[in-house]
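Enquirer: Sharing a structure below in structure tokens format, with a few things to ask.
The values are calculated or read from the model by the stated rules, or taken from the named source; none is laboratory data. Just so we're clear, the structure is a prediction, and the values are computed from it rather than from any experiment. Glycine gets a Cβ as well: all are built from the backbone with ideal geometry, and neighbour counts include every protein chain shown. Ligands, DNA and RNA are excluded from the accessible area calculation, which covers all protein heavy atoms including side chains. Shrake-Rupley method; radii C 1.70, N 1.55, O 1.52, S 1.80 Å.
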Amino acid sequence: QVRVVESGGALVQPGGSLSLSCEVSGTSNRVFRMGWHRRAPGKQREYVATVSRDGDIYYKEPVRGRFTISRDNANNRIVLDMKNLKPEDTAVYYCHAAVALGAGLQFEDYWGQGTQVTVSS
């Protein structure tokens with residue numbers, strides 16, 4: 001059974017830093033794109049940063065230059081390093097993984113349960 005588990009959420013002051021980790025387990029299939037999404041209070045979930053298996057990276061504009069996503073393919077793990085955090089970064093952060101169904105390109109989406117990041121003084 002595929003599991004996606006996030007960790008690292010916390011309360012941090014504005015201007016501070018925080019790292020989130022996510023690991024996919026329970027599968028021997030390839031994991032294609034992985035990434036971080038967030039849902040702020042009263043808003044829809046939005047993507048934050050994603051990385052492909054080959055290392056192609058996309059950042060949502062408000063976090064570009066402040067957040068860095070990295071990936072360890074051997075362990076199906078990604079890390080989001082966040083710097084200069086702002087109150088508007090407050091949200092539940094969700095990890096997403098596209099896991100291959102077999103040897104081809106079809107995949108299934110999996111989501112973690114989320115980890116809370118609160119930026120406040």
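Enquirer: Which condition breaks for Asp89 when tested against (1) open to solvent by less than 70 Å² (accessible area, probe 1.4 Å); (2) more than 14 Å from the chain's Cα centre (by Cα); (3) at pLDDT 95 or above?
Expert: Of everything listed in (1) open to solvent by less than 70 Å² (accessible area, probe 1.4 Å); (2) more than 14 Å from the chain's Cα centre (by Cα); (3) at pLDDT 95 or above, Asp89 misses just condition (2).
Enquirer: Here's something else I'd like to know. May I ask you to verify whether Val63 is closer than 19 Å to Gly15 by Cα, aliphatic (A, V, I, L, M) and open to solvent by less than 70 Å² (accessible area, probe 1.4 Å)?
Expert: yes
Enquirer: Which residues, counting only those in the range 40-52, are part of a strand (DSSP E or B) and open to solvent by less than 80 Å² (accessible area, probe 1.4 Å)?
Expert: Correct list: Glu46, Val48, Ala49, Thr50, Val51.
Enquirer: Of the numbered conditions (1) free of Cβ contacts under 8 Å to residues at least 40 places away in the same chain; (2) part of a strand (DSSP E or B); (3) among the charged types (D, E, K, R), Glu23 satisfies every one except a single condition; which is it?
Expert: Just one mismatch for Glu23, condition (1).
Enquirer: Another question, then. Under 11 Å from the mean Cα position of the chain (by Cα) and either farther than 17 Å from Val117 by Cβ or acidic (Asp, Glu) (or both): is that true of Glu6 in this structure?
Expert: Considered against the rule, which asks whether it is under 11 Å from the mean Cα position of the chain (by Cα) and either farther than 17 Å from Val117 by Cβ or acidic (Asp, Glu) (or both), Glu6 comes out as yes.
Enquirer: A further question on this structure: If Trp111 passes every condition in (1) open to solvent by 80 Å² or more (accessible area, probe 1.4 Å); (2) among the hydrophobic types (A, V, I, L, M, F, W, C); (3) modelled with pLDDT under 95 but one, which one does it miss?
Expert: (3) is the only condition that Trp111 fails.
Conditions tested, residue by residue: (1) open to solvent by less than 70 Å² (accessible area, probe 1.4 Å); (2) in a strand (DSSP E or B); (3) over 24 Å from Val119 (Cβ atoms).
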{"site": "Ser19", "(1), (2), (3)": "yes, yes, no"}
{"site": "Phe32", "(1), (2), (3)": "yes, yes, yes"}
{"site": "Arg38", "(1), (2), (3)": "yes, yes, no"}
{"site": "Asp54", "(1), (2), (3)": "no, no, yes"}
{"site": "Ile69", "(1), (2), (3)": "yes, yes, no"}
{"site": "Ile78", "(1), (2), (3)": "yes, yes, no"}
{"site": "Asp81", "(1), (2), (3)": "yes, yes, no"}
{"site": "His96", "(1), (2), (3)": "yes, yes, no"}
{"site": "Gly104", "(1), (2), (3)": "yes, no, yes"}
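One line per residue, one yes/no per condition, for (1) farther than 17 Å from Ser120 by Cβ; (2) of a type in the set (Asp, Glu):
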site	(1), (2)
Glu6	yes, yes
Val12	no, no
Glu23	yes, yes
Val31	yes, no
Ala40	no, no
Val48	yes, no
Asp54	yes, yes
Ile78	yes, no
Ala91	no, no
